[in-house]
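Student: The structure is given below, and queries will be raised subsequently.
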Amino acid sequence: MSQFITLQVGQCGNQIGSAFWPLALHEYGIQTTTGGVNLLTRQRNHVKHINDLSDAFPSFFYVPDSIDNLNFQSVADLNKAKVKARQAVLIDMEDSVVSRFKQGPLRQLFDQTCTVTNYPGSGNNWAIGYHVHGKEYHDRLEESIRHVSEKCDRLHGFLLTHSLGGGTGSGLGTATLKLLKDNYPHVERIVSCVYPANMQDTVTAPYNTLLATQELVEHATCVFPVENKALLDICNAQVNKRENTTQMNYNASCKPFQDMNSIIVSMLLHLTSGSRFPGSLNMDMNEVATNLVPYPKLHYIFSSISPITLSAPNMCSMQEIKLQDELFTNAWSRNNQLIKLDPLQPTSVILAAAHIARGNTTLSDMKRNIERFQNKSKFTSWSRDCMKIGLCSIPPAGHSSSLLCLLNSSTMSLLFKDIIQEFSKLYKKKAHVHHYTQVHGFEETHFMESKENILNLYECYTEIRNMEETNISRLQIS
Ligand SMILES: Nc1nc2c(ncn2[C@@H]2O[C@H](COP(=O)(O)OP(=O)(O)OP(=O)(O)O)[C@@H](O)[C@H]2O)c(=O)[nH]1
Ligand SMILES: [Mg+2]
């Protein structure tokens with residue numbers, strides 16, 4: 001199975017990582033007690049033979065000795081066996097989140113030489129993250145990444161997690177992405193990025209988001225964007241669903257990041273499940289880009305998931321989904337989207353699609369529901385009849401089955417339109433521009449170039465949509 005190196009950049013990237021690793025271990029039956037994660041069942045029961053994992057466990061973990069060490073029960077066993085996350089670097093230009101990692105129960109999981117930190121951050125400024133820290137830490141990052149990649153014998157990709165609203169994740173994160181492309185051009189660069197809830201979150205977020213998006217379009221193989229606004233809506237809906245609770249509402253200022261991140265982590269666990277567990281119908285990570293990216297730059301993938309699980313105690317939506325069809329219907333509903341777009345609306349077309357199920361979903365459940373999906377959506381001429389599917393028999397914690405729906409849809413153009421609009425509002429008045437232009441290496445023309453490139457991408461999607469609307473009849477060749 002393909003091996004992946006994970007890079008966590010900035011506060012958000014590292015917080016997502018701190019939720020991801022304990023759950024990834026838990027899915028192998030290894031208990032941890034970090035971060036308030038509610039560990040619900042022992043998944044080990046689902047893996048019939050521990051030797052089955054000998055190919056899959058090293059996809060995200062590095063096992064120095066023999067695979068017999070897989071008889072782990074707890075983090076103490078992992079430490080004894082010197083197991084490491086196949087984790088390149090924990091990168092943050094302020095060190096509080098990474099320090100918490102270093103002191104927590106999972107500290108042995110990470111190679112201490114592969115953390116790159118500084119103080120006091122990149123001040124919510126993409127230019128500082130990209131140009132100042134990107135330059136200063138270039139060699140250290142290069143060295144750390146080389147160090148972990150040398151331990152891989154089947155390195156297939158890098159998985160980068162970060163947010164785009166601040167300075168480090170957006171700036172240094174995309175500088176790291178460029179470094180990966182320069183040094184490992186044939187290794188995939190898969191990105192899980194968080195778009196800010198609203199642009200008030202950080203005043204300069206529209207600039208950071210625009211500049212970082214331009215880099216993601218240029219250097220990533222595949223991007224899985226998530227919007228904090230969508231996550232907040234999901235959290236609120238889950239809270240309001242609970243009975244006998246005082247009504248509470250999340251909003252951007254109370255930042256329930258733990259719950260929001262657990263939704264992102266569910267998506268990542270799902271996405272990577274085909275590489276982390278064996279199975280003949282699994283969708284390995286090395287199949288993601290091939291199936292979902294028809295043209296190199298149209299690589300932004302929409303995701304939605306069912307059921308939704310939040311991390312806070314007693315907040316897992318534990319109601320068991322009785323019917324498989326309901327699982328699919330929920331995953332297609334607007335309430336379960338990790339980014340607020342509507343790819344099933346009549347004005348958008350689907351360029352590529354994949355459904356990854358975990359747990360007890362059968363092939364016939366899948367086929368029946370794919371047909372339903374094909375009937376309710378609009379596709380390009382080449383994508384209608386083919387749909388990538390993945391079936392991983394290991395369910396996520398606390399559920400008997402779950403579904404991740406991944407779509408490459410022309411409706412993604414709305415995200416790019418929004419980015420340009422928010423940028424233009426601020427840039428029209430040239431507000432905060434001097435913070436960027438005073439950074440050595442940053443030219444003001446970079447703003448307009450980024451805007452142009454994103455606009456081009458917007459137009460590419462529109463063109464595909466319009467192309468599908470004009471119904472050209474087939475030539476009859478006799
Ligand atoms: N979903 C989610 N969003 C986060 C998290 N932490 C921060 N954010 C959002 O990310 C944006 C800010 O990015 P951060 O990750 O805090 O910034 P950074 O990358 O550390 O950069 P600097 O602090 O400016 O150096 C804001 O829009 C926050 O709301 C998190 O754990 N989860
Ligand atoms: Mg920070």
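Student: Out of everything in segment 104-137 that is among the charged types (D, E, K, R) and over 15 Å from residue 21 (Cβ atoms), what residue ends up being most open to solvent (accessible area, probe 1.4 Å)?
Tutor: Filtering segment 104-137 down to residues among the charged types (D, E, K, R) leaves 107, 111, 135-136.
Filter once more, keeping what is over 15 Å from residue 21 (Cβ atoms): 135-136.
On the way: 135: 149, 136: 119 Å².
My answer is 135.
Student: Can you tell me how many residues in segment 171-218 are closer than 20 Å to residue 431 by Cα and open to solvent by 20 Å² or more (accessible area, probe 1.4 Å)?
Tutor: Selection size over segment 171-218: 6.
Student: Out of the residues in segment 81-110 meeting the condition of being outside any loop (DSSP other than H, G, I, E, B) and of a type in the set (D, E, K, R), tell me which one is modelled with the lowest pLDDT.
Tutor: Keep residues of segment 81-110 that are outside any loop (DSSP other than H, G, I, E, B), which gives 84-85, 87-92, 96-103, 107-109.
Then drop every residue that is not of a type in the set (D, E, K, R), which leaves 84, 92, 100, 102, 107.
Working: 84: 62, 92: 79, 100: 82, 102: 77, 107: 77.
Looking at residues that are outside any loop (DSSP other than H, G, I, E, B) and of a type in the set (D, E, K, R), I get 84.
Student: Out of (1) under 19 Å from residue 397 (Cα atoms); (2) at pLDDT 90 or above; (3) open to solvent by 20 Å² or more (accessible area, probe 1.4 Å); (4) of a type in the set (Ser, Thr, Tyr), the odd one out for residue 304 is which?
Tutor: Failing condition for residue 304: (3).
Student: Could you tell me which residue of segment 111-126 is modelled with the highest pLDDT, considering only residues that are more than 15 Å from ligand 2 (Cβ to nearest atom) and assigned to a helix (DSSP H, G or I)?
Tutor: Going through segment 111-126, the residues more than 15 Å from ligand 2 (Cβ to nearest atom) turn out to be 111-114.
Next cut, assigned to a helix (DSSP H, G or I) only: 112-114.
Details: 112: 76, 113: 76, 114: 80.
Among those residues, the one meeting the criterion is 114.
Student: In segment 199-242, how many are part of a loop (DSSP other than H, G, I, E, B) and among the β-branched types (Val, Ile, Thr)?
Tutor: The qualifying residues number 4.
Student: What tally of residues in segment 1-18 results from selecting those that are more than 16 Å from ligand 2 (Cβ to nearest atom) and surrounded by fewer than 24 Cβ atoms within 10 Å (Cβ to Cβ)? Can you show your working first?
Tutor: Keep residues of segment 1-18 that are more than 16 Å from ligand 2 (Cβ to nearest atom), which gives 1-6.
Remaining after also requiring surrounded by fewer than 24 Cβ atoms within 10 Å (Cβ to Cβ): 1-3.
So the answer is 3.
Student: Only residues that are more than 15 Å from ligand 2 (Cβ to nearest atom) and buried (at least 19 other Cβ atoms within 10 Å of the Cβ): list them for segment 89-103, please. So that I can check it myself, show each step before the final result.
Tutor: Taking segment 89-103 and keeping what is more than 15 Å from ligand 2 (Cβ to nearest atom), we get 89, 102-103.
Within segment 89-103, 89 is the sole residue that qualifies.
Student: Residues that are in the same structural domain as residue 260 (by TED's automatic domain parsing) and modelled with pLDDT of 95 or more: does segment 147-156 have at least one?
Tutor: Going residue by residue through segment 147-156, those that are in the same structural domain as residue 260 (by TED's automatic domain parsing) are 147-156.
Applying the additional criterion that residues be modelled with pLDDT of 95 or more yields none.
No, the conditions are met nowhere in segment 147-156.
The values are calculated or read from the model by the stated rules, or taken from the named source; none is laboratory data. Keep in mind that what you see is a predicted model, and the values were worked out from it rather than measured. Neighbour counts run over all protein chains shown; Cβ positions are idealised from the backbone, glycine included. Just so you know, the surface numbers come from the protein's heavy atoms only, side chains and all, with ligands and any DNA or RNA stripped out. Shrake-Rupley method; radii C 1.70, N 1.55, O 1.52, S 1.80 Å.
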